[in-house]
Amino acid sequence: ADRERPLTDREPPILILASASPRRRELLQLICAEFQVVPSGLAEVLEPGPYPEAVATLALRKARAVAAGLRKGIVLGADTIVVIDGECLGKPADPDEARAMLRKLRGREHIVITGVGVVEAPGGRRASAAVTSQVLMANYSDAAVEAYVRSGAPLDKAGGYAIQDLDGELVAGVVGSYTNVIGLPLGETRRLLEEFGVRLS
């Protein structure tokens, strides 16, 4: 049947990931064999309001920015934030801010919220969701903070850490989606993409 015809090189792929994050790319590969990466380049600015809605809206804005330049395709956008004491921690601006974030989080619980947005080009049909996980950080030492900050790893990560870094020794426990804490909740992402007819593995 015609719908089974494989895509040619000249046709856009069925799925486009609107993110430069290598972690999101690796996660998406677990459920989708073929997709293209086109970062949105949008500034990561949250709109006022409850964090889950704000982060889902930002994910959708990223997807829409990429979809606007496409003739055809399904675009997936995502954004992740860390929230502690009602304060949103984005990516640290410099090593000092990374150090402060890691010390604030140490030995305490916080939440990680990832917004996922899907947009169809050219029609503009869209859907979004937000997933929340609870994370308990380990009681790591000041020396561990210094070594981690010196490595440069915290600077491109919300809250200044990645759950998989240092062999997982930064985190004592997670309630909810583990992949959400990495940056792409695979259960919710799968559900959204299936609604748009994306072929998943």
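The values are calculated or read from the model by the stated rules, or taken from the named source; none is laboratory data. Keep in mind it's a predicted model, so treat the numbers as computed, not measured. Positions of Cβ are generated from backbone atoms using ideal geometry, with glycine treated the same way; all protein chains shown enter the neighbour counts. The protein model used for the area step is the full one, side chains on, heavy atoms only, and it has no ligands, DNA or RNA in it. Shrake-Rupley method; radii C 1.70, N 1.55, O 1.52, S 1.80 Å.
Quick look at the numbers
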item	result
Only listed residue being at negative phi and either touching a residue at least 60 places away in the same chain (Cβ under 8 Å) or touching a helix residue (DSSP H, G or I) at 6+ places or on another chain (Cβ under 9 Å) (or both), chosen from GLU120, GLU109	GLU120
GLU53 vs. criteria touching a residue at least 24 places away in the same chain (Cβ under 8 Å), under 13 Å from ALA78 (Cβ atoms), open to solvent by 30 Å² or more (accessible area, probe 1.4 Å) and over 11 Å from the mean Cα position of the chain (by Cα)	no
Some residue of segment 129-144 being charged (D, E, K, R) and more than 23 Å from VAL38 (Cα to Cα)	yes
Single unsatisfied condition, ALA18 versus (1) small (Gly, Ala, Ser); (2) open to solvent by 50 Å² or more (accessible area, probe 1.4 Å); (3) touching a Gly at 6+ places or on another chain (Cβ under 6 Å)	(2)
Pairs with Cβ under 7 Å, 6+ apart, first in segment 185-201 and on the phi < 0 side of the Ramachandran plot and among the hydroxyl-bearing types (Ser, Thr, Tyr), second open to solvent by 80 Å² or more (accessible area, probe 1.4 Å) and part of a loop (DSSP other than H, G, I, E, B)	SER201/ALA33
Filter pass, ALA98 being open to solvent by 10 Å² or more (accessible area, probe 1.4 Å) and of a type in the set (Gly, Ala, Ser)	no
Out of ARG199, ARG125, sole residue that is under 28 Å from GLU47 (Cα atoms), out of contact with any Leu (no Cβ under 6 Å at 6 or more places or on another chain) and surrounded by fewer than 14 Cβ atoms within 10 Å (Cβ to Cβ)	ARG125
Condition check for THR8: at pLDDT 95 or above and either in a loop (DSSP other than H, G, I, E, B) or of a type in the set (S, T, N, Q) (or both)	no
Members of segment 21-36 found to be touching a residue at least 12 places away in the same chain (Cβ under 8 Å), surrounded by fewer than 17 Cβ atoms within 10 Å (Cβ to Cβ) and over 17 Å from PHE196 (Cα atoms), listed by number	ARG25, LEU30
Qualifying residue in segment 134-142 (condition: buried (at least 23 other Cβ atoms within 10 Å of the Cβ), modelled with pLDDT of 95 or more and at negative phi)	yes
Segment 149-176 - residue that is free of Cβ contacts under 8 Å to residues at least 60 places away in the same chain and charged (D, E, K, R) and, of those, least open to solvent (accessible area, probe 1.4 Å)	ASP165
Index of the failed condition, GLU44 passing every other in (1) closer than 30 Å to ARG106 by Cβ; (2) part of a helix (DSSP H, G or I); (3) modelled with pLDDT under 95	(2)
Residue under evaluation GLY73, criteria (1) open to solvent by 20 Å² or more (accessible area, probe 1.4 Å); (2) touching a Pro at 6+ places or on another chain (Cβ under 7 Å), criterion not met	(1)
